[in-house]
Each structure stands twice: as structure tokens, then as C-alpha cells.
Amino acid sequence: MQITGDMLLGASAVRGTQGTLRAFDPARNTEIEPAFGAGGATDVDRACTLAAEAFDSYRLAPLETRARFLEAIAENILALGDALIERAHIESALPKARLEGERGRTVGQLKLFASLVRDGRWLTATLDSALPERKPLPRSDLRLQKIAVGPVAVFGASNFPLAFSVAGGDTASALAAGCPVVVKAHPAHLGTSELVGRAIQKAVADSGLPEGVFSLVVGAGNEIGEALVKHPAVKSVGFTGSRRGGLALVEIAAKRREPIPVFAEMSSVNPFFVFPGALAKRGEALASGFVDSVTLGVGQFCTNPGLVLVLESPHTRAFIDAAAKALAGKGAQTMLTAGIAAAYKDGVAQRAASNGVQSVAQGAASNGVQSVAQGAASEAACAALPVLFETTAAQFLATARLEDEIFGPTSLIVTCADIGEMQKVAEHLEGQLTATLQIEADDYALARQLLPTLERKVGRILANGFPTGVEVSYAMVHGGPYPATSDGRATSVGATAIDRFLRPVCYQDLPAELLPEALHDGNPLHLWRLRDGKLAQE
């Protein structure tokens, strides 16, 4: 499939007229052809108007139609073959094997939501029978189901050009809910976005759905994104990116005449708690696994363990030394964009200059990559050296900027004198996506003291694993209290991601002929429903 540089507004390919932009090859520091025409407010209005026109028809389509549509998207993405992987590799510098795995995840989550749509439990069909003889007042016939909220704006993420982008989790869950989607392509992977966008566009047409079910807009700067969030047809927003970007969208959405929710995943350092029993039994292996997690994907995972809290014990220094040795063997790698590499360089330089913070290791410099004192990044090739820092709990608590996320292959080890000091640090932390406990049986009593705090602070608690791996499943939570996300009640990964784009509607004494099919007495969809307080499939 040829990349043309066009936007996809419903069934049409449209050339933007508000200037041009090109994707960028971060490994070679060169722009990539073709040029894309940048869209503007008129193009956003067209996409959103089409979405609004498609909304009722799409959300009322049979569940099987919607499920097959999601599966068609998955098959069309697979049909793109090596061309998709090659373009994503050039635009992101991510290894092809990693991108093949990410494609599998993208296809897998589309199929998960197709299965979820067929299951229908997300409708939360609920029936409370009329009680005409009840005293002192009778009860009406009450029935509830959830419906789609309306068109959703989705912003592609830089670090996952497939799984968190055009056909990623936000898009898949919104389409599953019955919401048309308008995606703003991330400027770092324009060609990848067009390829996937055309796969969705084809699935819309082949499924006989209204063209406005999907559109893809392209634009430089913030203007087109702002226009998208401000458009009155848009009823919700999905975003993965920086805290600054997420909060800007939240502010725009809150100032609308009709405020709308923004589900933004933004910032997390993912504290990694290491207890004495784990240090004594497997400290060296733990240090190696931790460093692998920190440097995986050049540290460009939102679940990167950027903060390690270690209880002082006879084995603490050996763990830190082993981690330093492991990290020193890691070389420089290319980051996603020049902007991300520059931000990493600045963040590392600021941390290195902080009082009470020591650099305990840095990766092996090569190909002109600079040292940590110079900023741990190459000016020529968007490359970054991994760096490991150390400080004390007291210094961490006294230095606000040590809490900041540095997006890249770096982490800060904080030594804690006792569980009380570790608890203070945990209470001090902002909301996070994950927290990891490295524990053995003799650590359980200490860990139990920490768990209530972690339950309040994070969306996912791991034991004896590493956070840089998010399973797409029914029980997964990829969210957390602010500023990990803008709404800690939601997840952007897993089956319950669909809940973000649904709202409940109650039908009181509505004639049977007018009720949604999911609420008919005969249960023609064979759903599991709550009827008079009892869950049944009847």
C-alpha cells in the first residue's frame, strides 16, 4: 500500500493545505518522504461532523456487526505485512522484532474487544420489575443499559506507534463501545499512521458502516489538536503522552460549553521496592533484571522503573554494585525523536547536578555519544546513554525535582534506613501506574505495612516481576491516580478500558416495543443480566 501523505476524512483521502510536514528517521537524523499535507480547523470540522452523523447508526448496529468490524481491522493490519513494520522501524528506530510483537498486541486487543462486544456484559443490562402493589408507593418498571457517549478524539502516542496509536487501545475500546473515532496522527510516525488508518478505512467500507465511523487528521503544532478537543461533536478524549500535553487537553476540555472527560495517561516513575529477603536470596539476578527493565526500549516505556527504594541490609551495597556493573555494560541506543532525546539529556544533567545525588554508573559510550556530565545524549543521532543514580530517602524527600519522571533509560536508587522511612517515601509519592515489590516469604510482614499506601497510590501492584510488560486482558489496569492519569478510575489497557466511553441510561415504564433489544423480556441476545438483583442468563 502506497503512502500518499493524505488525511483520511471518512471515506475520502484529503490533502491538507495548511503547510507540509514529514516524518523523521531518528537513527539517521533525516526526514522521510513523502511530505504530508497539514490539516486545519476545516478538516477537523469535516471529520467530526461525519462522526456525529455516523454515531446513532453505528452504535445501534448489531453487536455481531461491530465485532466483525473490529476483527476486520485486525486482519487488514496483518495484511499490510512487512511494509508496516519497515515504515514503523524507520520512523521510530524501534527494533523490527519489537514492532512485530507490538503489531501482535495491536491485533490481539482488537480481537479481545471483538469478543467483549459479542459477550455484551459491558452493557450492564439491568432489569427491576414493576411492583404495582408495593406500599406505600408502587415501583415502576426500571431497566438500564450502557450506551456509547459519542465521537471520541484519540491522540497517537510516540512510544508505541501501533499499540497506542491509530488502531491502539483507545481506538479499539472506543469503537467497541459504539463510538466513532477521529484520530490525530502523531507527527513522529506519519507514514505508519496512514497505513493503519487505511486499514481501518477499508474495514469501515467492507463492513457497510457509515464513513464517519473513522477519520485520521494530520497537523503540525497544537492547533489541530486543540480544534479537535474543542469541537462540539467530540464527547471524550483518549491521550497518551507527557503531563504537559495531557493537562493542556484537560484544560481545553474543561473550558468548553459542554465540558468533556479527557482520559490522559501522563507521568509515572513506577516505584520498585526491594526488601532484605529478596536481596539476600537473589540480589545479583534481581539487579540484572532491574537494569534490563530500565533500559528496555531505551527506557521509553510509561512503566519504566524510574525509582528504586531499597531497605538497608548487609546485601544492599552488593545489589547497587551489581546494578551498576550491569548498566555499565549497556550501550547507547537511539531514542524515538530528537525532542525526546533532548529532554532526556536535560533531565539527566539536572539530576546529576542535584545535591546529595551520585551517579553510580553510566552505559558504555560509543559513536560520539557524550558522557553523563555532558548530558548523556548524542547531538548527532538522538542516542541516549543509560545512567543510574543514587541518593538517600532524606535527600529524596527534601528535593522535589527528584520525583520528576525522566523519560528514558535512567533510574534513581533511594536507600531507606528502615520500613518507616520507606513508608514516608511511599506516602510522599504522586500517583503512579505501577509499584513493584521484590519480596521473599520473610519480607511479607514488612510488605504488608506498605500495601495500604500502594493501593491508594497506584493502579497495578506487582510482586517479583518487572513493570515493563502490560498484558492485554480482562483484569489488567493500566492507569492510576493523578498524575499517572487524569482520571484514576479508568484504565487504558484491558477489557474495562471500554467503560471510559460508555454511560448508563435508565428506561422507566417504556413500552416493550420501544426498549433496546438488550432489555427485552425474552433476552434475545442471551446476555448475562441483573434481574431483580440476581445475575442470570434468561
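The values are calculated or read from the model by the stated rules, or taken from the named source; none is laboratory data. None of the values given here were measured: they were computed from a predicted structure. Cβ coordinates were reconstructed from backbone atoms using ideal geometry, including for glycine residues, and neighbour counts include every protein chain displayed. To get the accessible areas, we keep the full protein, side chains included, count just its heavy atoms, and leave off ligands, DNA and RNA. Shrake-Rupley method; radii C 1.70, N 1.55, O 1.52, S 1.80 Å.
Here are a few things to note about the model shown:
- Residue-by-residue Karplus 3J(HN,Hα) for the range 226-234, coefficients 6.51, -1.76, 1.60, Hz, glycine and proline x: 5, 4, 5, 5, 6, 5, x, 6, 7
- Euclidean distance between Cα centres, the range 307-329 to the range 10-40, Å: 45
- Angle in degrees between helix 419-428 and the longest Cα principal axis of the chain, rounded to the nearest 10: 50
- Checked against a 21 Å cut-off, the cross-linked pairs 184/345; 330/424; 146/235; 111/184; 184/235; 184/230 give Cα-Cα distances beyond that limit for 184/345; 330/424; 111/184.
- The range 213-237-the range 440-462 distance, computed between alpha-carbon centres (Å): 40
- Computed over neighbours whose Cβ is under 14 Å from that of residue 389, the net charge equals -2, Lys and Arg +1, Asp and Glu -1.
- Mean ellipticity per residue at 222 nm, deg cm²/dmol - from DSSP H runs of n ≥ 4 across the chain, formula -39500 (n - 2.57): -11500 deg cm²/dmol
- When the solvent-accessible area of the range 267-370 is split by element, carbon and sulfur atoms take up 52 percent of it, the probe being 1.4 Å.
- Per residue solvent-accessible surface (Å²) - the range 125-198, probe of 1.4 Å: 25
- Most simply put, the range 120-206 has about 50% antiparallel DSSP beta bridges, counting only bridges with both residues inside it.
- Solvent-accessible surface of the range 398-502, taken per residue with a 1.4 Å probe and all protein chains present: 40 Å².
- Label zone at residue 142, where the point sits 7 Å out along the Cα-to-Cβ direction: the range 511-530 residues whose backbone N lies under 16 Å: 530
- The mean sequence separation of alpha-carbon pairs under 8 Å and at least six residues apart, normalised by the residue count of the chain, gives a relative contact order of 17 percent.
- The range 157-222, relative contact order [Cα under 8 Å, separation at least 6], %: 36
- For the listed peptides 498-508, 424-434, a ranking on the average number of other beta carbons within 10 Å per residue, highest first, reads 424-434, 498-508.
- Computed over the range 225-319: relative contact order in percent, which uses C-alpha pairs under 8 Å that are six or more apart: 27
- Whole-percent carbon and sulfur share, accessible surface of the range 48-165, 1.4 Å: 56
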